[in-house]
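FYI, it's all coordinate maths here, none of it is from the lab. Source: prediction; values computed, not measured. Virtual Cβ from ideal backbone geometry, glycine too; neighbours counted across all protein chains shown.
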Amino acid sequence: MKEQLSLAVKPRSAKGKGACRRMRVESLVPGIFYDSKGTNIPVMVSELPLTKLREKTGSSHVFDLVIETEDGPQTRPSLIWNVQRHPTKPRITHVDFYGVDLDKVIRVSVPVVVTGKAKGVVLGGKLEIFRDMIEVECLPLSVPDQVTIDVTQLDPNENISVADLVLPEGVKAVFDDDYAVVGVVYETEEEDKGAATS
Amino acid sequence: MLAPNKTKFRKMQKGRLRGPATRGASVSFGEVGIKAMEHGKLTSQQIEAARVAIMRHIKRGGKVWIRIFPDHPITEKPAEVRQGKGKGAPVGWYAAVKPGRVLYEIKGVDMDVAKTALTRAMHKLPIKTKIVVKEVA
């Protein structure tokens, strides 16, 4: 069972470059909340709680976004959909929250994590991860934090394709072509010489 | 060394490098990279020297991306020539780099090896840089 997290945000009326810059000076991050029904609420959030939440949730963990309106707090299950960062400073400059319907299937990208040492690597091959993220389709509360792939049985010049992945129940990978996610590349001597000269 | 195959004009005005990089500011292809922390002009020789430093350290295996391209011409007047009489002759190429720009990326080697290779490359560059790791979701 995933931990239920929440983040308090305030709606903002100030918009535009100047207003957003003034917010950032006060350690506030301008953002936007939207959902599939067409709701759009410009919000602002303190930087530190947002950073801490982002470390825990990534972009695939649903949390409660508490929007503190004048009529009282509104709680909306959301995902952190997009984060814009400053090019040189370790700061978030803007954040998008996507409100999810808990009964409706969504598509999200989930990171791939590889475990084990492949047979092919022991024989001198090289493990290559072709995709860092894979797109999955599932209910918001079933989104896995990561997709773990065990590569222990992988021989040289063999791949694990997206169709072969063992995903949790209710989670389906989305793909048109059955692409390779991870594989062991076994380089011949001629290829080695070519690589060494470059 | 990197240089354009063909250009519309042989010489270019210097311009200025104001503000941070808005594009090419995150690690996109590799796992770890070098990010520029100040603006500067990297010549094709410097870009190549840094690339060679990376390749010699990682030996074989892995993949390296160079995220900048020297597409600005450098001109120079001959020694002991008075000012005037037009702009000098093209002598090389440089890439205009703004703070935040990712310069090199590496994938497919151990993180320690990659970081050491990038540190060696950083010593070849005339601007302040730092190592950045790809952010995973």
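With the calculation restricted to Cα positions, what are the radius of gyration and Dmax of region A:6-99 in angstrom?
Here Rg and the maximum Cα pair distance are 12.5, 39 Å.
Counting only residues 5 or more places away or on other chains, whose amide H sits under 5 Å from the amide H of residue A:94 once H atoms are built in the peptide plane?
Result for residue A:94 returns A:84.
Would you kindly compute the Cα radius of gyration of the protein assembly as shown and its largest Cα-Cα separation (Dmax), both in Å?
Cα radius of gyration and Dmax of the protein assembly as shown are 24.5, 79 Å respectively.
Provide the per-residue ³J(HN,Hα) series for region B:120-136, in order, calculated from phi with Karplus coefficients 6.51, -1.76, 1.60 and θ = phi - 60°, each as a whole number of Hz, with x at glycine and proline positions.
4, 5, 4, 5, 8, 9, x, 10, 6, 9, 9, 8, 10, 9, 4, 7, 9
Work out, in µm²/s and without decimals, the Stokes-Einstein translational diffusion coefficient of chain A at 37 °C, 0.692 mPa s, Rh from Kirkwood over C-alpha pairs.
On the way: Rh = 19.5 Å.
Roughly 168 µm²/s, to the nearest whole number.
Just tell me which aspartates and glutamates come within less than 13 Å, Cα to Cα, of residue A:10; anything on the same chain fewer than 8 places away is out.
By straight Cα distance, residue A:10 reaches A:47, A:68, A:70, A:71.
List the lysines whose Cα lies under 25 Å from the Cα of residue A:172, skipping any in the same chain that are fewer than 8 positions away.
Output for residue A:172: A:2, A:37, A:56, A:104.
Enumerate the amide H contacts of residue A:43 below 5 Å, restricted to partners 5 or more residues apart or on another chain; note that Pro and chain-start residues carry no placed amide H.
Those qualifying (amide H under 5 Å, at least 5 residues apart or on another chain) are A:12, A:31, A:32, A:33.
Checking the cross-link filter: which lysines have an alpha carbon closer than 17 Å to that of residue B:98, excluding same-chain neighbours under 8 positions apart?
Output for residue B:98: A:89, B:14, B:35, B:41, B:128, B:130.
At a 10 Å Cβ-Cβ cut-off, how would you order B:44, A:27, fewest neighbours first? Walk me through the intermediate numbers first.
Working: B:44 18, A:27 10.
Fewest-to-most ranking of B:44, A:27: A:27, B:44.
For residue B:37, list long-range residues whose amide hydrogen, built 1.01 Å from N in the peptide plane, is under 5 Å from its own amide hydrogen.
B:100, B:128, B:129, B:130
Run lengths n ≥ 4 of DSSP H only: what is the helix-derived mean residue ellipticity at 222 nm for chain B, with -39500 (n - 2.57) per run over all residues, to the nearest 500?
On the way: 2 runs with 27 residues, N = 137.
Computed mean residue ellipticity for chain B: -6500 deg cm²/dmol.
Magnitude of the Cβ-charge dipole of chain A, K/R +1 and D/E -1, about the Cα centre, nearest 20 debye? Write out the running numbers ahead of the final one.
Working: 24 positive and 30 negative charges, 313 e Å.
The calculation lands at about 1500 debye.
Which whole-Hz couplings ³J(HN,Hα) result when phi for each residue of region A:62-67 is put into the Karplus expression 6.51 cos²θ - 1.76 cosθ + 1.60, θ = phi - 60°, listed in order with x for Gly and Pro?
Each residue's phi maps through the Karplus curve to give 6, 9, 8, 8, 9, 9 Hz.
Looking at chain B, what % of the alpha carbon pairs are farther apart than 19 Å? Can you show the working numbers first?
Values: 4995 of 9316 pairs.
So the pairs more than 19 Å apart make up 54 percent of the total in chain B.
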